[in-house]
Each structure stands twice: as C-alpha cells, then as structure tokens.
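S.K.: My questions all concern the structure below.
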Amino acid sequence: MIISVMNQKGGCGKTTIAVNLAAILKKAGFDTIVMDADPQLSASRWAKQGGEAFHLTVHPLDMTKGARKVKTEIREHAETSEIVVIDCPPELREPAMLASLLADVVLVPVTPSPLDIWAAEAATELAQDARELNGNNKPVVILVPSKTNTHTVIAKDLGKTLASMEGQVAPISIVQRVVLAECVIAGSTIDIYAPHSPACKEMEALGQFVLQFK
Ligand SMILES: Nc1ncnc2c1ncn2[C@@H]1O[C@H](COP(=O)(O)OP(=O)(O)O)[C@@H](O)[C@H]1O
Ligand SMILES: [Mg+2]
C-alpha cells in the first residue's frame, strides 16, 4: 500500500502526519517505511535526531531524478514493504502528480484557516486528476484536518467547509498538541514518546481509518 501525504502549503503537518502515521502502522504490525521526497529532508533529519533508537526506516527520495527512476524506486520499496508512506515536497508539480498516480491513498493535511483551505483545494484537485487518469478509483483522496484547535469556531466549521470540497474528509482531526512537536525534538515518534496521549490516540484512529483502503 502506498500512502502519499501531500499539500503544497508548507507547515500544514505533512511530515508530522507522515512519520507518526508510519510509526503507528508499523506498531500495528505492518512492515512500514517512510520515503522522504521533500528536498528539505525534514523526515530524514527527524530520524537522524533519534539515532539508533529511531525504529522507523526513512529513505530519502530524490524526485529530481526523473519520473521513470522515481517510479521504479517507489515500486521497489512497495514490493519489499507492506506500507510505503511518501512525505511529499511542498509543491504541486510533477513529483506530486507522480506520488498521486502511484498512491492508493493521498492524505491532504489541511489547517483551519480559509487561506489554507483554498490551498488544499489545489492539492485535492491534483489527486483527483490522478484518480481519473488511473481510471481504477485510486488514489482515494482524504482531507485530514490538521493542527486544529478544538476550542475555536473555525476548527469546528472546518469539517463542514471541507465536506464541500472534492475528496472525502477523515473523521479524525490531528489536533494541535505540544507533544507532537516535542517528540521531534526527542527524536522519537508519538507511539513511543507519548503512547497514552490524546495525540497518539488521534494518530491511531487516522491509521485505522486509512487501513480500510489497503
Ligand atoms: N498537530 C500538531 N500539533 C502541534 N504541532 C504540530 C502539529 N502538526 C505539525 N506541527 C508542527 O508544525 C510545524 C510544521 O509541521 P510539519 O509537519 O513540518 O509540516 P509540513 O511537513 O507540512 O511542512 C512543525 O514545527 C511541527 O512540529
Ligand atoms: Mg515537511
């Protein structure tokens, strides 16, 4: 199964969701790896921060190598691992299209501000285009409310606004929680850093939701 986490907007939670979701899926018993397609290599640095204790494999993926090579590399990993999570770069050019075409599921994290919601629309449309090109109902396009604050009206309204967009909305929000930033500093993932935290429960729920499309 290939899961691409995509949105051209930086800071919306792609890397946070890609790495923690992969960790949760691995903990659930699936042989899972992360492919770090962002030239900023945030996911790779996060893994490096954890050193030997970091239990998840993060492979850098140079998307500038050309579509053919990148496709082969992703497919090879998808053959040897049960689940491949691709942390996409913050742009919507060929690499994002490629990551969408190859994916079973595209997750588009979206933060609760109108500007960010409009930005996410472009990402979901690109993934929907890939779905039409594939012609086999893949990828499933899922908007994931990200960095939400449970107390603000805008977060409560986010689900309603997103529902009017293409793609489906995850029934789980990844709430803005300090532990999710802390676990990066600790070079750890949420399942290990704070296994009983609400943040971990939310990530597990997202994992369960995504697994239905495996
Ligand atoms: N749900 C969250 N709660 C708290 N901090 C978050 C959350 N999601 C992301 N962050 C923080 O926001 C910043 C941007 O997140 P990141 O995952 O790097 O976004 P992207 O990969 O889309 O650029 C990072 O500092 C990260 O730790
Ligand atoms: Mg990132």
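The values are calculated or read from the model by the stated rules, or taken from the named source; none is laboratory data. Since the model is a prediction, treat every value here as computed from it, not as a measurement. Positions of Cβ are generated from backbone atoms using ideal geometry, with glycine treated the same way; all protein chains shown enter the neighbour counts. In case anyone asks, the SASA skips ligands and DNA or RNA and just uses the protein heavy atoms, side chains included. Shrake-Rupley method; radii C 1.70, N 1.55, O 1.52, S 1.80 Å.
S.K.: I want the local charge near residue 79. Using Cβ-Cβ distances under 12 Å, sum +1 for each Lys or Arg and -1 for each Asp or Glu among the other residues.
M.R.: -3
S.K.: Nearest 0.05, what FRET efficiency do residue 82 and residue 175 give at R0 = 45 Å with Cβ-Cβ as r?
M.R.: FRET efficiency, residue 82 to residue 175: 0.95.
S.K.: Further, regarding this structure: Which shape class, rounded, prolate or oblate, goes with the stretch 101-214 when its Cα gyration tensor gives a ≥ b ≥ c as root eigenvalues, a/c under 1.5 marks rounded, and past that a/b bigger than b/c marks prolate?
M.R.: oblate
S.K.: Quickly estimate the mean residue ellipticity at 222 nm for the chain, helices only: each DSSP H run with n ≥ 4 gives -39500 (n - 2.57), and the total goes over all residues, rounded to 500.
M.R.: It comes out at -15000 deg cm²/dmol, rounded to the nearest 500.
S.K.: Exceeding 24 Å between C-alpha atoms, which entries from my cross-link table qualify? They are 160/214; 14/214; 14/160; 71/201; 69/147.
M.R.: 160/214; 71/201; 69/147
S.K.: Quick query: amide H of residue 143 versus all other amide H atoms, modeled in the peptide plane; which residues come in under 5 Å with a sequence gap of 5 or more or a different chain?
M.R.: Amide H neighbours of residue 143: 108, 168, 169, 170.
S.K.: Please compute one quarter of the surface area of the Cα convex hull for the stretch 2-207 and express it in square nanometres.
M.R.: Spelled out: convex hull of the Cα atoms, projected over all directions, averaged, 10.6 nm².
S.K.: Follow-up question, since we're still on this one. Using modelled amide H (1.01 Å from N, peptide plane; none on Pro or chain starts), what sits under 5 Å from the amide H of residue 2, excluding residues fewer than 5 places away?
M.R.: The list, which skips near neighbours in sequence, is 84, 104, 105.
S.K.: Using a 1.4 Å probe on the protein chains only, how many percent of the accessible area of the chain belongs to carbon and sulfur?
M.R.: The nonpolar share, carbon plus sulfur, comes to 53 percent.
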